[in-house]
Amino acid sequence: MSAARTAASSAGKPAAVPNAGGRIARRFAALKAAKRGGLVTFLTAGDPDPQTSLAIVAGLPKAGADLIEIGMPFSDPMADGPAIQASSLRALKAGMTLRRTLDLVAAFRKGDGETPIVLMGYFNPILAYGPDKFARDAAASGADGIICVDLPPEEADELAPPLAAHGLDLIRLATPTSSDARLPAIVGGASGFLYYVSILGITGTKSASAPALDEAVARLRRHTTLPIAIGFGIKTPEQAAEAAALADAAVVGSAIVNIIAENLDAAGKPKPGLADKALAFVAALAKAVRAGR
Amino acid sequence: MAPAPQALNSYRTGPDERGHFGQYGGRYVAETLMPLILDVEKAYVAAKADPAYQKELDYYLEHYVGRPSPLFHAERLTKHLGGAKIYFKRDELNHTGAHKINNCLGQILLAKRMGKRRIIAETGAGQHGVATATVAALFGLPCVVYMGAVDIERQKPNVFRMRLLGAEVRPVTSGSSTLKDAMNDALRDWVANVEDTFYIIGTAAGPHPYPAMVRDFQQVIGIETRAQIMKAEGRLPDTLVAAIGGGSNAIGLFHPFLDEKGIAMVGVEAAGLGLGSGKHAASMNGGRPGVLHGNKTYLLQDEDGQITEAHSISAGLDYPGVGPEHSWLFDTGRVTYAAITDREALDAFQLCARTEGILPALEPAHALAQVVKMAPTLPKSHLLVMNMCGRGDKDVFTVAEALGNDIAKKAGTH
């Protein structure tokens, strides 16, 4: 791994890191020093309602999440599967907006100054909010990085400069179909970490095999020195441990979101103990990830 | 909302190499989809330059679709309205009953060239689904059509048609279970089946190159119209009118004429229960620019950027967005965009049936309602061409339901 990293930097492909001293970089450095991969947990802001959502997010660091990815709800999340789309719609129904998502981040930051927060979403709500204002307010709320799913490098002009100006990492996605010819454009403007979408498909469906992941990570390392997180299709503690060991972190989303969906009453209100159940699952993931390497 | 109109030397050069029409269009898709749409673009550019491809497309357009479609002087309607001389471009006479097949043929021939072995599509009213199922049957390729569960319920005849043609109709229950959700699910299928699948998008929207490609396939409407009106009248028309859902029939008619400065063009959006009611499908007259389904364009959305639901009696216009080239033509002022309510479209539907013996689809019934408003204000020498882009057989149940009381009353008094 270190040989590949050295090769990449000597070939003149330094990663753009506007936030080199930021929480994301610090956290990956700490993980590296501890010689283990990290756990990134995803849930949608405001799912199933703002209070429950904040209770879960606030409990994530103690449960063992190393980084927290928070979905900004959107009515038409076309790269996500049914589980995450349903979570978006639950949050919107509960009155969630982009402003309230940033408020949730700010509320979390009152109790935790170190765990990195990455906001994941689609461009239209950001465009409606105003990209400059969004970058300013997201940074002020204590967010560290942004994943904008439907904004490939070709269309990043409206968002990348404001994010950089406010010290937010622009986290890019690479996929099994991202060719060696295309990867330089993807990692060129990326910072924080590289999110590897490990399957061809949407979130929460099939899973990639370990040899396929191993090969993919080796290929990505030839193009970037950024830490690599593997996501899409990671559902169990075992899979999370495997992916985190192969790369630098594993992202678990739909499996956590499913626990929320399974613990709602007929009216869509959270049943007692929902937050504890979600956090217990995160703790099981964290335990496996920490034992994995 | 729109910037001041600007006169350009040409309105026909777009999109640029990144797929933008001014600020609109583009490729706002997840990284998983990027390699696919770049492939489609590359293959389309090559096909466009290949005379053999064009020759094959022309063959099927003539012998399978029945092109050219006639340009018909609607004499009784002209007399009834007492103004402009009205022509119908009769794309409702195409095989499958609408303009959709022009585009489906172009795309499936491209899919074949690319070696794809499976076809997917989205559909709202079912017209594009039927056209896609038709060409898939013609070329022996398996076809999956995504259709909102709500739309399946209100468009049963078309669902049965698609199944007769051998297509699998997959109900979409995510989101609002309508056209926009069907498009989301088709895109999800495509991402998961990169290797063998071609996605035939039904309108001039979506990520580049689709808006330009679909427009190119529909331009045959305008190109034929030019030759036909020259033959009939010895000169070009004064006004063109067409309905706008995603806008493929309209851009097909308008595009070849965009640089003819003397020709006025009117696109007609669906105003549903009225622009002030909040229940309409008029993205340009009642929405604002945003990003959805791979392109930047005018959208129906709330203050938070969440997409809101469209409403129109015409399922084919019931979409919260519009093709990006229309958004650009709207901002530049080259094309005027009007809005027609459900009620006005229903009135025009009946008027056309009685004066011309043609049941228009509810989509062109919107264009016709605009003609009914405009024609009486124009001189008799004014040549007006309206695109009759689909036939109304599919809509008779919807129309009967909407007019139920009226029909009952008439039946009672006769």
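Summary of computed values
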quantity	calculated
Which of A:D248, B:D393, B:D259 is most accessible, then next, and so on - probe 1.4 Å	B:D393, B:D259, A:D248
Antiparallel DSSP beta bridges within chain B, as percent of all bridges there, nearest 5	30 percent
Buried solvent-accessible surface, both chains (B, A), 1.4 Å probe, Å² to nearest 100	2900 Å²
Chain A: relative contact order in percent, alpha carbon pairs under 8 Å with at least 6 residues between	25 percent
Shape category assigned to segment B:268-414 from the gyration tensor of Cα positions, a/c cut at 1.5	oblate
Ratio Rg/Rh, restricted to segment B:245-321 and using Cα atoms, in which Rh is the Kirkwood radius	1.02
Fluctuation leader among B:N103, B:N387, B:N285 - chain B, Gaussian network, Cα springs under 10 angstrom	B:N285
Accessible surface, per residue, of chain B when the full set of protein chains is kept, probe 1.4 Å, Å²	36 Å²
Rounded to the nearest 20 debye, dipole of segment A:2-291 from Cβ charges on Lys, Arg, Asp, Glu	760 debye
Computed [θ] at 222 nm, deg cm²/dmol, chain A (DSSP H ≥ 4; -39,500 (n - 2.57); rounded to nearest 500)	-14000 deg cm²/dmol
Proximal charge balance of B:V385 [Cβ under 13 Å; K/R count +1, D/E count -1]	0
Accessible surface of A:R100 - all protein chains present, 1.4 Å probe, nearest 10 Å²	120 Å²
Amide H partners (placed H, <5 Å) of A:D169, local residues excluded	A:G145, A:I146
For A:L194, distant residues with modelled amide H under 5 Å away	A:I228, A:A229
With all protein chains modelled, accessible area of A:E114 [1.4 Å, Å²]	80 Å²
Percent of beta bridges antiparallel (DSSP, the protein assembly as shown, rounded to nearest 5)	20 percent
Long-range Cα-Cα pairs in segment B:35-186 (distance over 27 Å), rounded percent	34 percent
Pairs of Cα atoms farther than 35 Å apart, the protein assembly as shown, %	45 percent
Per-residue ³J(HN,Hα) for segment B:129-141, Karplus 6.51 cos²θ - 1.76 cosθ + 1.60, θ = phi - 60°, Hz, x for Gly and Pro	x, 5, 5, 5, 4, 5, 6, 5, 5, 4, 9, x, 10
Interchain or long-range residues, amide H under 5 Å from B:E269's placed H	B:I244, B:A338, B:A339, B:I340
In order through segment A:267-277: 3J(HN,Hα) via Karplus (6.51 cos²θ - 1.76 cosθ + 1.60), integer Hz, x for Gly, Pro	8, x, 8, x, 6, x, x, 4, 4, 4, 5
Order of exposure, largest accessible area first, which applies to A:R221, A:R90 with probe 1.4 Å	A:R90, A:R221
Cα-centred dipole magnitude for the protein assembly as shown, charges only on beta-carbon of K, R (+1) and D, E (-1), debye, nearest 20	520 debye
Antiparallel DSSP beta bridges within segment A:2-291, percent to nearest 5	5 percent
Probe 1.4 Å, all protein chains present, accessible-area order of B:S174, B:S283, largest first	B:S174, B:S283
222 nm mean residue ellipticity, helices alone, for chain B (DSSP H n ≥ 4; -39,500 (n - 2.57); rounded to 500)	-13000 deg cm²/dmol
With all protein chains modelled, accessible area of B:H255 [1.4 Å, Å²]	10 Å²
Residues in segment B:277-307 occluded by at least 20 Å² - accessible area, probe radius 1.4 Å, against chain by itself	B:V291, B:L292, B:K296, B:D304, B:G305, B:Q306, B:I307
FRET efficiency for A:A34 and B:D39, using Cβ-Cβ distance with R0 set to 30 Å, rounded to 0.05	0.10
³J(HN,Hα), Karplus 6.51/-1.76/1.60, whole Hz, each residue of segment A:233-238, x for Gly, Pro	x, 8, 10, 10, x, 5
Debye-sum result for segment A:2-291 in log10 I(q)/I(0), which assumes one identical scatterer on each alpha carbon, at q = 0.09, 0.13, 0.15 Å⁻¹	-0.37, -0.82, -1.14
Complex-versus-alone comparison for segment A:168-185, residues with a loss of 20 Å² or more in accessible area, probe 1.4 Å	A:L173, A:T175, A:T177, A:R182
Degrees separating the helix A:82-93 axis from the principal Cα axis of chain A, which is the longest one	50 degrees
Fraction of accessible area attributable to carbon and sulfur, segment A:78-192 (%, probe 1.4 Å)	58 percent
Top of A:D144, A:D265, A:D76 by mean-square fluctuation, Gaussian network on chain A, Cα under 10 Å	A:D265
Inter-chain Cβ neighbour average for residues A:128-135, partner chain, 10 Å	2
Rotationally averaged projected area of segment B:80-161 (alpha carbon convex hull; nm²)	7.4 nm²
Fluctuation leader among B:V144, B:V194, B:V372 - chain B, Gaussian network, Cα springs under 10 angstrom	B:V194
Hull shadow area, averaged, chain B [alpha-carbon convex hull, nm²]	19.8 nm²
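The values are calculated or read from the model by the stated rules, or taken from the named source; none is laboratory data. All values derive from a computational prediction rather than experimental measurement. When we count neighbours, we look across all protein chains shown, and the Cβ atoms used for this are built from the backbone with ideal geometry, even at glycine. Just so you know, the surface numbers come from the protein's heavy atoms only, side chains and all, with ligands and any DNA or RNA stripped out. Shrake-Rupley method; radii C 1.70, N 1.55, O 1.52, S 1.80 Å.
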